[in-house]
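Visitor: Below: one structure in structure tokens.
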Amino acid sequence: MLAMGDDAAANLRVLVAEDEFFVGLMLAENLRDSGWEVVGPFASLDELMRAAAAERFDIAVLDVNLNGTMVFPALEAIALRGRPAILVTGYGAHAIQKGTKIEAVFAKPYDYAVLEAQIRKSTGRE
């Protein structure tokens, strides 16, 4: 985990979608340990779509497949709000829909420190 030398990370809100309970719990805990607020985690596309439209967030970290449903409609909603998105997947790059606006794709299992660095970069909080 990267050390927080100042308030650059303060008030960062991360929207999280993950259908595997313990993976989502661990990600949320890591994000909070980094000093960030977590919105979610959401385990279904319906929940994610509602949150993407209604919640305040700065960046989204999304599992590509939520209980058999791909998250690409939510990516469009997130992009319309002008927010960056990072995808995590167990399917590889071929599972990513071409043309979607994403900052990065991480294959599961991923290194949290690398994900944290990407979140900082994507939100201008390096």
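Visitor: Filter the GluC sites (Glu not before Pro) in segment 20-69 to those in DSSP coil with at most 15 other Cβ atoms within 10 Å of their Cβ, and list the result.
Guide: Numbers: sites: Glu20, Glu29, Glu37, Glu47, Glu55; in loops: Glu20, Glu55.
Within segment 20-69, the qualifying GluC sites (Glu not before Pro) (loop, at most 15 other Cβ atoms within 10 Å) are Glu55.
Visitor: Name the long-range amide H neighbours of Phe42: under 5 Å, sequence gap of 5 or more, or other chain; modelled H, no Pro or chain starts.
Guide: Under 5 Å from the amide H of Phe42 lie the amide H atoms of Val16, Ala17, Glu18, each far enough along the sequence or on another chain.
Visitor: Once amide H atoms are built 1.01 Å from N in the peptide plane, which residues 5 or more positions from Ile59, or in another chain, come under 5 Å H to H?
Guide: Arg13, Leu15
Visitor: Could I ask something else about it? Got a sec to turn the phi values of segment 110-118 into Karplus ³J(HN,Hα) couplings, 6.51 cos²θ - 1.76 cosθ + 1.60 with θ = phi - 60°, whole Hz, x for Gly and Pro?
Guide: Each residue's phi maps through the Karplus curve to give 10, 8, 4, 4, 6, 4, 4, 4, 5 Hz.
Visitor: Could you derive backbone 3J(HN,Hα) for segment 71-88 from the dihedral phi with the Karplus parameters 6.51, -1.76 and 1.60 (θ = phi - 60°), listing whole Hz in sequence and x where the residue is Gly or Pro?
Guide: Those phi angles translate into 8, 4, x, 5, 4, 5, 5, 5, 4, 4, 8, x, 9, x, 9, 10, 9, 10 Hz.
Every number here is computed from the coordinates shown, using simple stated rules; none is lab data. Computed from a predicted structure; not experimentally measured. Quick reminder, even Gly has a Cβ in these numbers, built from the backbone with ideal geometry, and neighbours come from all protein chains shown.
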